[in-house]
Structure formats: structure tokens, C-alpha cells
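The values are calculated or read from the model by the stated rules, or taken from the named source; none is laboratory data. All values derive from a computational prediction rather than experimental measurement. Positions of Cβ are backbone-derived with ideal geometry, glycine not excepted, and every protein chain shown enters the neighbour counts.
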Amino acid sequence: MSQDSNSAHAVFEIDLTLEETRRRAAFMTALEPSWDPAAAMRAEDEAYDLLYSGLDERQREIHDMLVATGVLPRRGPGHAAS
């Protein structure tokens, strides 16, 4: 398909500001008052530790390679994957 320099192009713009505001408001409404972001982060760390615990030697090599290439995040000492 060639582009004709004489063809008219229509500009199509959508302002999603209002929709994003609605989406964020719905998200905040869905959160319960007891939601604790720090506890959610701790639970995320625990899940990561469990996922990468008990790796055999080959799995450890693959894990280390994925960390070295930036596919998986680098973790500090004291974590199960370390």
C-alpha cells in the first residue's frame, strides 16, 4: 500500500483523563479500609522466597543467569533465593 501525499488524514484524539480518574476511583473504592500496603509487600516477598526456595544446582544456575541478565530482580542476603 503506497502512501499518497495528497490524501487527507483525519486527526483522532481521545482524552482519557476522565476515564483514568474513574478507574482510579473505582480501584480505591474496591480496596477495603483494612488494606495494608506494607503487609501486601511482605506477602509478595514471602511468595517470591517460596517460589525460588529449594532449587537444585541446575535451577540455581538458571536463576543466577536470569538475575545477571536482569530478567529477575536482584535480591539481597537473607532471601530464600540468595
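List the number of the failed condition for residue 26; all other conditions in (1) surrounded by 11 or more Cβ atoms within 10 Å (Cβ to Cβ); (2) at pLDDT 90 or above; (3) not hydroxyl-bearing (Ser, Thr, Tyr) hold.
Condition not satisfied by residue 26: (1).
Within region 67-82, restricting attention to residues that are touching a Ser or Thr at 6+ places or on another chain (Cβ under 8 Å) and surrounded by 10 or more Cβ atoms within 10 Å (Cβ to Cβ), which residue is modelled with the highest pLDDT? Talk me through it step by step, then tell me what you get.
Of region 67-82, the ones touching a Ser or Thr at 6+ places or on another chain (Cβ under 8 Å) are 75-76, 80-81.
Now drop any that are not surrounded by 10 or more Cβ atoms within 10 Å (Cβ to Cβ), which leaves 75, 80-81.
Details: 75: 78, 80: 44, 81: 43.
Selected residue: 75.
Of the residues 15, 56, 64, 4, only one is modelled with pLDDT of 90 or more and either exposed (fewer than 10 other Cβ atoms within 10 Å of the Cβ) or more than 22 Å from the chain's Cα centre (by Cα) (or both); which? Quick ask: steps written out before the conclusion?
Details: 15 fails: modelled with pLDDT of 90 or more; 64 fails: either exposed (fewer than 10 other Cβ atoms within 10 Å of the Cβ) or more than 22 Å from the chain's Cα centre (by Cα) (or both); 4 fails: modelled with pLDDT of 90 or more.
Among 15, 56, 64, 4, only 56 is modelled with pLDDT of 90 or more and either exposed (fewer than 10 other Cβ atoms within 10 Å of the Cβ) or more than 22 Å from the chain's Cα centre (by Cα) (or both).
Do we have any residue at all in region 37-44 that's of a type in the set (Lys, Arg), loosely packed, with under 10 Cβ neighbours inside 10 Å and modelled with pLDDT of 85 or more?
Looking only at region 37-44, we keep the residues that are of a type in the set (Lys, Arg), and these are 42.
Now restrict to residues that are loosely packed, with under 10 Cβ neighbours inside 10 Å: none.
Among the residues of region 37-44, not one is of a type in the set (Lys, Arg), loosely packed, with under 10 Cβ neighbours inside 10 Å and modelled with pLDDT of 85 or more, which makes the answer no.
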